[in-house]
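**Student:** The structure is given below, and queries will be raised subsequently.
The values are calculated or read from the model by the stated rules, or taken from the named source; none is laboratory data. In this text, all values refer to a predicted model and were calculated from it rather than measured experimentally. Glycine gets a Cβ as well: all are built from the backbone with ideal geometry, and neighbour counts include every protein chain shown. All accessible areas refer to the heavy atoms of the entire protein, side chains included, with ligands and DNA or RNA removed. Shrake-Rupley method; radii C 1.70, N 1.55, O 1.52, S 1.80 Å.
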Amino acid sequence: MAFTLAQVELLDANRELVECRRLFYVSFTSQTYRLIEGNVPEALGGFTWLPAHDWVQAAALQSGGPLEAVPAVYRITKNPLTLLLAALDNRAEWWGRPIQQFLQLYSNGAAVGPMVSMHRGKIRDVKKVQTATAEYLEIRAESPLDMRNMTPLGEYTDRDQQRRSAGDRGCAFAPSQVGKVITGWLRS
């Protein structure tokens, strides 16, 4: 859906009164959250978006180079979602689940035009960060391009490598490399 000519003219005529809000869509295995910046719920796109208050922060979205998959980072600070806290112990609850950030324009307090998708990705990491001055949960969401570097048939296991290239024993030694730290330059 695109902006209509009337909507563009309305936004042009009221430039000083145009504001925007970010919306966050997160779908865990057991529950879906739709959150909007601010302190009041909002009905948009056929859904009710709950207020995110000031406890959802999104790092600035970065543009990568050609075919570069730059992740988006979201911080959940005050009042973390109960489900998100429980998800720390249950990877199946969040791994690979969709997350999306939208932008909605407003003029004189009324939504104008469609929501604009700013980032769409899949959750790849949820971790708790605790320092002397801050405590928050961090969600790292990868764009669809991050899958381009994953093997087509699975992980780097001997079984999968044998399927790809029969007789290649390179991945047979992978389990012995877990936790190994290589220092210095590799020499032949």
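**Student:** Give me the residue from segment 129-154 that is farther than 23 Å from Q101 by Cα and in contact with a helix residue (DSSP H, G or I) (Cβ under 9 Å, 6 or more places away or on another chain) and, out of that set, modelled with the highest pLDDT.
**Tutor:** G154
**Student:** G46: at pLDDT 85 or above and loosely packed, with under 15 Cβ neighbours inside 10 Å, yes or no?
**Tutor:** It is true that G46 is at pLDDT 85 or above and loosely packed, with under 15 Cβ neighbours inside 10 Å.
**Student:** Please verify whether E19 is surrounded by 12 or more Cβ atoms within 10 Å (Cβ to Cβ) and either free of Cβ contacts under 8 Å to residues at least 60 places away in the same chain or more than 20 Å from the chain's Cα centre (by Cα) (or both), treating the condition exactly as stated.
**Tutor:** Here the answer is no, as E19 does not meet what is asked.
**Student:** Quick test of your reading of the structure: P41 fulfils all but one of (1) of a type outside the set (A, V, I, L, M); (2) out of contact with any Ser or Thr (no Cβ under 7 Å at 6 or more places or on another chain); (3) farther than 21 Å from A141 by Cα; (4) modelled with pLDDT of 75 or more. Name the failing condition by number.
**Tutor:** Evaluating P41 over (1) of a type outside the set (A, V, I, L, M); (2) out of contact with any Ser or Thr (no Cβ under 7 Å at 6 or more places or on another chain); (3) farther than 21 Å from A141 by Cα; (4) modelled with pLDDT of 75 or more leaves (2) as the failure.
Results for (1) open to solvent by 20 Å² or more (accessible area, probe 1.4 Å); (2) modelled with pLDDT of 85 or more; (3) of a type in the set (K, R), shown as yes or no for each residue.
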position	(1), (2), (3)
V56	no, no, no
E68	yes, no, no
R75	yes, no, yes
L83	yes, no, no
D89	yes, no, no
Q101	no, yes, no
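**Student:** State all residues of segment 22-44 that are outside any loop (DSSP other than H, G, I, E, B) and either in contact (Cβ under 8 Å) with a residue 40 or more places away in the chain or closer than 22 Å to N90 by Cα (or both); if no residue qualifies, say none.
**Tutor:** R22, L23, F24, Y25, V26, S27, T32, Y33, R34, I36, E42, L44
**Student:** When you scan segment 107-134, how many residues do you find that are closer than 23 Å to E42 by Cα, under 20 Å from the mean Cα position of the chain (by Cα) and not hydrophobic (A, V, I, L, M, F, W, C)?
**Tutor:** So the count comes out to 3.
**Student:** Hey, among the residues in segment 22-38 that are under 17 Å from G121 (Cα atoms) and in contact with an Asp or Glu (Cβ under 8 Å, 6 or more places away or on another chain), which one's surrounded by the fewest Cβ atoms within 10 Å (Cβ to Cβ)?
**Tutor:** Among those residues, the one meeting the criterion is T29.
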